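Written out below as structure tokens is the structure these notes cover.
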Amino acid sequence: MKGENLLDLIGKIDDKFIEEIYAEEKIELSVSFRAFWKPILVAALFLVFIVGILPNFTKEEIAKDPEVKTPPLVIENEKEIDENLPTIAINEVFSDGMGYSGISLYSLEDLENGNPWRENWNIKTLPVYKNKYLFSHGYIAESYTKDDMEENIVEIGKLYNLDLSNSEFVVIPYSDYEVERYMEDKDIDFSSLNLVAEVKTSKNGYNFSAERSGGVRVTFDDANVIYTSEALNITDIYENDGDKLKVSEFLIEKYPHLLGLENPKAYLDPWLVTPDFYSEKAEEIDDFMSYQLGRKVSFLPSIENNVYGMDYNMIDLGDKVGDYPLMSVEEAKNMMAEEKFITNVPYEYPGVENIRKVELSYFISNYQEYIIPYYEFYVEIPEETKEEGKMSLGLYLVPAIEQEYLDMPVYDGRFN
């Protein structure tokens, strides 16, 4: 019998039952004993209860002890290293004029996202890919053509039971300024290239748009908007995290075909207004790769309490460079100590003692030629003005692949 159940039953024992037991033994119960037998019995049984649960209590306390190190989780993804792996050039990571990558929050728990990676994982290698959606000069995606955009729209159209292969596509060209800058740099005739800034088409009240950065957006006409219920507050979704997840659960249950994901899972990311969906996998490394490099989908909330569209990212992994060896978390922390990192934080680096969290992620940007993994360090910034009780964190990146495979700029605490 469990201890808590035993204690509950003690108070239900009738005095008469005790008297009958003692009567059989010819023992006379005194008034004073009748008054105090229950407290004595409770004390005795409580001692037994404490002794019984003490081993489990101790184990739980040990599990909470931050000094107890969790053993590394061996992730079976080690690949044989190709001797002819090319060196990876790290060019721009953050775009000019985008402001600095920082976030203000009350607790580190607010920084939680859907990343399955944990610091005790022992990953030896990860793949590197060429970035199809690279902005090769200015804001022009040289490898992402008009035909590619149309193919992406046709693919997403299938989720809506629409065949868009013979659709009439509206083409939005790059600006004259962008074209002139490109031609000055490349010294070629831009008109000979099949490049456009955006492609659009519509059918049956659904509007499809593929734009230069690689995403496809679908917006719905009034007849196709998705209404949930009055219980789910979409209008105030920018302030209410709880309703964000509830709306996501509603879409997974009622509209899984619009997500186009096997085993869709929704998660909140502090950098995003609405949750992202991705395909959750059973195995740790598969789940990590699906979260990082699989398709992600998000919904567009309306102030009229409905969902009026969906965003689909279109990561292209068709050009794999190879599987590269990774440095460990400790090696990355040592680089942080030496101020060898990439950041756009405008303040002086406050030191490793201000590191509050580390993650392994594929930091994907239209300004990077390669899609590679990074260690992302969140560092508290003392100079930032913040509300009482809040902390301000800046993002610092350390490329996760071993340094011998990197062609890096000179480090001085910021990207040069």
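Structural remarks
- ASN366 vs. criteria at pLDDT below 95, crowded, with 17+ Cβ neighbours inside 10 Å and in contact with a Leu (Cβ under 7 Å, 6 or more places away or on another chain): yes
- Selection from the stretch 130-141 of residues that are of a type in the set (D, E, K, R) and touching a helix residue (DSSP H, G or I) at 6+ places or on another chain (Cβ under 8 Å): LYS132
- In the stretch 176-226, residue surrounded by the fewest Cβ atoms within 10 Å (Cβ to Cβ) [restricted to those that are at pLDDT below 90 and among the aromatic types (Phe, Trp, Tyr)]: PHE190
- Restricting the stretch 112-128 to residues that are part of a strand (DSSP E or B) and either of a type in the set (A, V, I, L, M, F, W, C) or in the same structural domain as LEU272 (by TED's automatic domain parsing) (or both) leaves a set whose member that is surrounded by the most Cβ atoms within 10 Å (Cβ to Cβ) is LEU126.
- From the list VAL179, VAL199, the one residue that fits, being hydrophobic (A, V, I, L, M, F, W, C), over 27 Å from the mean Cα position of the chain (by Cα), more than 30 Å from TRP117 (Cα to Cα) and not in a strand (DSSP E or B), is VAL179.
- With respect to the stated conditions, GLU339 is out of contact with any helix residue (DSSP H, G or I) (no Cβ under 7 Å at 6 or more places or on another chain), assigned to a loop (DSSP other than H, G, I, E, B) and over 25 Å from TYR144 (Cα atoms).
- Considering each residue of the stretch 102-111 in turn, at least one proves to be assigned to a loop (DSSP other than H, G, I, E, B) and in contact (Cβ under 8 Å) with a residue 24 or more places away in the chain.
- Of the strands (runs of 3 or more DSSP E) lying entirely inside the stretch 246-306, the ones with 1 or more residues being among the polar types (S, T, N, Q) and in contact with a helix residue (DSSP H, G or I) (Cβ under 6 Å, 6 or more places away or on another chain) are found at 276-279.
The values are calculated or read from the model by the stated rules, or taken from the named source; none is laboratory data. Note that this is a predicted model, so its numbers are computed, not measured. Cβ coordinates were reconstructed from backbone atoms using ideal geometry, including for glycine residues, and neighbour counts include every protein chain displayed.
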